[in-house]
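Novice: Can you keep this structure in mind? I'll have questions shortly.
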Amino acid sequence: MLKLANMKKFALFSLAALLSLGIAGCKGSGGGPGNGLSTKNAVVWYIAGDIENLNPMLSSDEGANYVQGLMYETLTGQDANTQAWIGGLAKVPEESADHLNWTFTMDPAAHWSDGKPVTAEDVIFTYKIVNNPFIVNVAPLRSYFGTMDSCWIPAGQPNQVVIHWNKYRYDLLKIMNYVKILPKHIWDPQDITSKFSWADLRQENPSNPAVKQMADKFQDPSVQRDPGHMIGTGAYKFDSWTTNDRVVCRKDTNYWMKDRPWGDAYPDQIIFKTIKDQNAALIALKHQDIDIDPTLSATQYLTGFDSAQQRFIARDTVYENIVQFLAWNNAKPLFSDKSVRKALTMLVDRDKIIHSILHDMTKKIEGAVAPSQPNCDPTVKQPAYDPDAAKKMLAAAGWADHDGDGILDKVIGGKKTDFKFTFQLASGNDVAKQILLIVVNDLKKAGIDAEISQLEGSVFLNNIRNRQFDCYLGGWVGNMSGAQGIEDEISQLWHSSQIQHKGSNAYAFSNPEADKLMDAIKIEPDRAKRWEMSYRLQHIITDDQPVSFLWSSPARIAWLDRFDNFQFFPARPPFSPQYWIVRGSGIKRTPNGVPQSLPHKINVADPR
């Protein structure tokens, strides 16, 4: 089932130009069997790097989230068209008068892909995993559950589960739907989770050995690619995984929601094809080896297609909730001074990059909230490009070329230190490298010696998690707020509590006033007051310049025009191949299937 809140809060990406909310572009010409396109009932979805992990608790890369979205489900969700809350594995919950108890009634029809029923025990198990402090990679998700008190099954109601919070948050239902439910009978057949309490989990370093025992078992590398552990409730089941080549999901013909709205699924297989070079991916699309490429560069989108020879390829752009930046490691001496970080921002000529590399197909951003979000403060401005002022600011901070070698230096900790560092970048993205080459050249003119290191995707992600970097080019993609205006709460990315334990604040931003605002925003029910605090928070973050904010680029998407029932949604990703019907395949939409068509628009806008 397609849900607008069925993914982790913020997922890390490393490409230079991706997503943010609006559609405009070039439609196809109604391709299909008459145009020589395949009628094979499968979708091949291009991804830029190998999947990190298919355990939804242990991965944070966007590709893994896409696969997991087909295989696993949340308790409830939102209708992709109306954005109203709808049932999932459970009915829409009953909320207590004090907003602290949420009672979910499990859907009796829900079952795992191995046929076993989904139970309230599965929910309790899953939330104990989320709150287990020894499961390191769950830290970004766990950051939302610090005020969750406990979870239990009411007496005499085995099909219900109550989630109790000790403090109100304005977005409780939204964040509960960041959690994909896992099968206890697969991950905890020995019932280890029953041997520790919620009080045990609230300890910073739990003394009950069962907590560590469960964490070790859950994180055991030997089971992470075991098909026997990849049991979900979604419309698709795990089929195979060939490293650096593909992950194959096949339709579950016994899917428990197949006869309900949003439960329809049509392709027999959805294949995630890894191609680490963007140009090779474009060639694969033209050769009809893949069906969709959502990561076109601006140059590819504008000039990479022969409209006469490739009328079977459709194109579009979609803006989502994206913030892209150069992340400085604030914990390192080179970047610990706010004035130095501001000077670095003033040496980055964003206008030149946007025009020459991104072909003006992007929106500049000035702060931590994307312009697509309802609480973005348009008055926030970071320092503008000004090399002369930047040089003076660096000099005032003690940086000068004392030895005449052309590189700024300064005595730090009693040792002469050159202003040298390395940009880290995930491999396979030529556009990102072109961007950094411009930045490196401009920094050189100011006496700063920077180099570029391209790393395999999993190595890059691990370095970010462990804060083993000087600077990286990347960003965060979040959930869309939708018509209800339930804005994303950004403490996962900026609160000082998220610096340690592989939290998402890898750049080590720490500001007590910002922390207080983020804590206050979480518990403020009045939207106007929340937004007022959010505006102040955005100004504080931008003034501190822990990162140099760059832009929010659209996803430039191209696909083989051989599908009906195709639509974009204000979701992440903004399309769902499970609903696509291959022309000429003989497949018809199910009676309860929700009709979809491309003319459905979200905030139509010209990306240029």
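The values are calculated or read from the model by the stated rules, or taken from the named source; none is laboratory data. Keep in mind that what you see is a predicted model, and the values were worked out from it rather than measured. Cβ atoms come from the backbone with ideal geometry, glycine included; neighbour counts cover every protein chain shown. Accessible surface areas use protein heavy atoms only, side chains included; no ligands, DNA or RNA. Shrake-Rupley method; radii C 1.70, N 1.55, O 1.52, S 1.80 Å.
Novice: Starting from residues that are within 23 Å of Thr39 (Cα to Cα) and assigned to a loop (DSSP other than H, G, I, E, B), keep the ones in region 279-296 and report whichever is most open to solvent (accessible area, probe 1.4 Å).
Specialist: Only one residue tops the list, namely His287.
Novice: Which of the helices (runs of 4 or more DSSP H) contained wholly in region 95-209 include at least 1 residues that are under 22 Å from Ile521 (Cα atoms)?
Specialist: Answer list for region 95-209: 139-142, 172-176.
Novice: Of the residues that make up region 375-394, is at least one modelled with pLDDT of 95 or more, among the β-branched types (Val, Ile, Thr) and surrounded by 16 or more Cβ atoms within 10 Å (Cβ to Cβ)?
Specialist: For region 375-394, residues modelled with pLDDT of 95 or more, among the β-branched types (Val, Ile, Thr) and surrounded by 16 or more Cβ atoms within 10 Å (Cβ to Cβ): present.
Novice: Another question, if that's okay. What's the total number of residues in region 73-93 that are open to solvent by less than 10 Å² (accessible area, probe 1.4 Å) and more than 23 Å from the chain's Cα centre (by Cα)? First the steps, then the outcome.
Specialist: Start the filter on region 73-93 by keeping residues that are open to solvent by less than 10 Å² (accessible area, probe 1.4 Å), which leaves 73-77, 80, 88-90.
Okay, now just the ones that are also more than 23 Å from the chain's Cα centre (by Cα), so 90.
Here the count works out to 1.
Novice: Which condition breaks for Phe423 when tested against (1) surrounded by fewer than 16 Cβ atoms within 10 Å (Cβ to Cβ); (2) touching a Cys at 6+ places or on another chain (Cβ under 8 Å)?
Specialist: In the conditions (1) surrounded by fewer than 16 Cβ atoms within 10 Å (Cβ to Cβ); (2) touching a Cys at 6+ places or on another chain (Cβ under 8 Å), Phe423 misses (1) alone.
Novice: Which numbered condition trips up Pro595, out of (1) out of contact with any Asp or Glu (no Cβ under 9 Å at 6 or more places or on another chain); (2) modelled with pLDDT under 90; (3) open to solvent by less than 10 Å² (accessible area, probe 1.4 Å)?
Specialist: (3)
Novice: How do the pairs read when you match residues in region 200-218 that are within 18 Å of Trp187 (Cβ to Cβ) and among the small types (Gly, Ala, Ser) with residues anywhere that are part of a helix (DSSP H, G or I) and open to solvent by less than 10 Å² (accessible area, probe 1.4 Å), using Cβ under 9 Å and keeping only pairs 6 or more apart or on different chains?
Specialist: Ala210/Ile192; Ala210/Thr193; Ala215/Ile129
Novice: Moving on. Select from region 209-229 the residues that are in contact with a helix residue (DSSP H, G or I) (Cβ under 7 Å, 6 or more places away or on another chain) and open to solvent by less than 30 Å² (accessible area, probe 1.4 Å) and write down the one among them that is nearest to Leu182 (Cα to Cα).
Specialist: Checking each candidate, the answer is Phe218.
Novice: Continuing with this model, one more query. Please enumerate the residues belonging to region 404-437 that are at pLDDT below 95 and touching a Lys or Arg at 6+ places or on another chain (Cβ under 8 Å).
Specialist: Within region 404-437, Leu425, Ser427, Gly428 qualify.
Novice: Specify the residue that is most open to solvent (accessible area, probe 1.4 Å); the eligible residues are those in region 166-208 that are among the charged types (D, E, K, R) and at pLDDT below 95.
Specialist: Only one residue fits best here, namely Glu204.
Per-residue answers, yes or no, for (1) without any contact (Cβ under 8 Å) to a residue 60 or more places away in the chain; (2) in a helix (DSSP H, G or I); (3) surrounded by fewer than 22 Cβ atoms within 10 Å (Cβ to Cβ); (4) among the hydroxyl-bearing types (Ser, Thr, Tyr):
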| site | (1), (2), (3), (4) |
| --- | --- |
| Gly428 | no, no, no, no |
| Gln434 | no, yes, yes, no |
| Asn441 | yes, yes, yes, no |
| Ser453 | yes, no, yes, yes |
| Leu473 | no, no, no, no |
| Glu487 | no, no, no, no |
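Novice: Does Phe312 satisfy being of a type outside the set (A, V, I, L, M), over 25 Å from Ser534 (Cα atoms) and in contact (Cβ under 8 Å) with a residue 60 or more places away in the chain?
Specialist: Yes.
Novice: Also: Under 7 Å between Cβ atoms, at least 6 apart or on separate chains: pull out the pairs that start in region 359-388 with a residue that is among the β-branched types (Val, Ile, Thr) and end on any residue that is open to solvent by 30 Å² or more (accessible area, probe 1.4 Å).
Specialist: If the second residue must be open to solvent by 30 Å² or more (accessible area, probe 1.4 Å), the pairs left are Ile365/Pro371; Val369/Cys376; Val380/Glu366; Val380/His539.
Novice: Restricting to region 329-364, count the residues that are in contact with a Ser or Thr (Cβ under 6 Å, 6 or more places away or on another chain) and among the basic types (Lys, Arg).
Specialist: Selection size over region 329-364: 1.
Novice: Moving on. What are the pairs with Cβ atoms under 9 angstrom where one residue, in region 268-294, is closer than 21 Å to Ser585 by Cβ and the other, located anywhere, is open to solvent by 60 Å² or more (accessible area, probe 1.4 Å) and among the aliphatic types (A, V, I, L, M)? Sequence gap at least six, or different chains.
Specialist: Asp289/Ile283
Novice: Would you call Leu326 open to solvent by less than 10 Å² (accessible area, probe 1.4 Å), under 15 Å from Ser548 (Cα atoms) and in a helix (DSSP H, G or I)?
Specialist: Values: open to solvent by less than 10 Å² (accessible area, probe 1.4 Å): yes; under 15 Å from Ser548 (Cα atoms): yes; in a helix (DSSP H, G or I): no.
So Leu326 does not fit the description; no.
Novice: Exactly one of (1) open to solvent by 30 Å² or more (accessible area, probe 1.4 Å); (2) assigned to a loop (DSSP other than H, G, I, E, B); (3) within 30 Å of Ala48 (Cα to Cα) is unmet by Met361. Its number?
Specialist: Just one mismatch for Met361, condition (1).
Here's the yes/no breakdown for (1) buried (at least 20 other Cβ atoms within 10 Å of the Cβ); (2) at pLDDT below 95:
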{"site": "Ile231", "(1), (2)": "yes, no"}
{"site": "Gly234", "(1), (2)": "yes, no"}
{"site": "Gln269", "(1), (2)": "no, no"}
{"site": "Ala298", "(1), (2)": "yes, yes"}
{"site": "Tyr301", "(1), (2)": "yes, yes"}
{"site": "Ala308", "(1), (2)": "no, yes"}
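Novice: Consider Asn479 carefully, then state whether it is assigned to a helix (DSSP H, G or I) and either without any contact (Cβ under 8 Å) to a residue 12 or more places away in the chain or within 30 Å of Leu141 (Cα to Cα) (or both). Break it down into steps so the answer makes sense when it comes.
Specialist: Values: assigned to a helix (DSSP H, G or I): no; either without any contact (Cβ under 8 Å) to a residue 12 or more places away in the chain or within 30 Å of Leu141 (Cα to Cα) (or both): yes.
Judged against the criteria, Asn479 is not a match.
Novice: Still on this structure, I have one more. Checking the structure you have, find out if any residue of region 337-344 is open to solvent by 60 Å² or more (accessible area, probe 1.4 Å) and assigned to a loop (DSSP other than H, G, I, E, B).
Specialist: no
Novice: Scan region 500-535 for residues that are charged (D, E, K, R) and part of a loop (DSSP other than H, G, I, E, B) and report the count.
Specialist: 3
Novice: Here's something else I'd like to know. Of the residues Val67, Val138, Val161, which single one is in contact (Cβ under 8 Å) with a residue 24 or more places away in the chain, more than 30 Å from Tyr579 (Cβ to Cβ) and aliphatic (A, V, I, L, M)?
Specialist: Unique residue meeting the criteria: Val138.
Novice: Something else now. Here are Lys286, Lys180, Lys273: which of them is among the basic types (Lys, Arg) and over 24 Å from the mean Cα position of the chain (by Cα)?
Specialist: On the way: Lys180 fails: over 24 Å from the mean Cα position of the chain (by Cα); Lys273 fails: over 24 Å from the mean Cα position of the chain (by Cα).
From the options Lys286, Lys180, Lys273, the qualifying one is Lys286.
Novice: Against the condition surrounded by fewer than 20 Cβ atoms within 10 Å (Cβ to Cβ) and not in a helix (DSSP H, G or I), how does Lys276 come out, does it pass?
Specialist: The answer is yes for Lys276.
Novice: Turning to a different aspect of this structure: From the set of residues in region 130-152 that are open to solvent by 30 Å² or more (accessible area, probe 1.4 Å) and in contact with a strand residue (DSSP E or B) (Cβ under 6 Å, 6 or more places away or on another chain), which is farthest from Val118 (Cα to Cα)?
Specialist: Checking each candidate, the answer is Thr147.
Residue-by-condition table, conditions (1) part of a helix (DSSP H, G or I); (2) not charged (D, E, K, R):
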{"position": "Thr39", "(1), (2)": "no, yes"}
{"position": "Val44", "(1), (2)": "no, yes"}
{"position": "Leu54", "(1), (2)": "no, yes"}
{"position": "Met57", "(1), (2)": "no, yes"}
{"position": "Asn65", "(1), (2)": "yes, yes"}
{"position": "Gln68", "(1), (2)": "yes, yes"}
{"position": "Glu73", "(1), (2)": "no, no"}
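Novice: Another question about this same structure. I want to confirm something. Restricting to region 236-254 and keeping residues that are assigned to a loop (DSSP other than H, G, I, E, B) and either acidic (Asp, Glu) or in contact (Cβ under 8 Å) with a residue 60 or more places away in the chain (or both), which single residue is most open to solvent (accessible area, probe 1.4 Å)?
Specialist: Asn254
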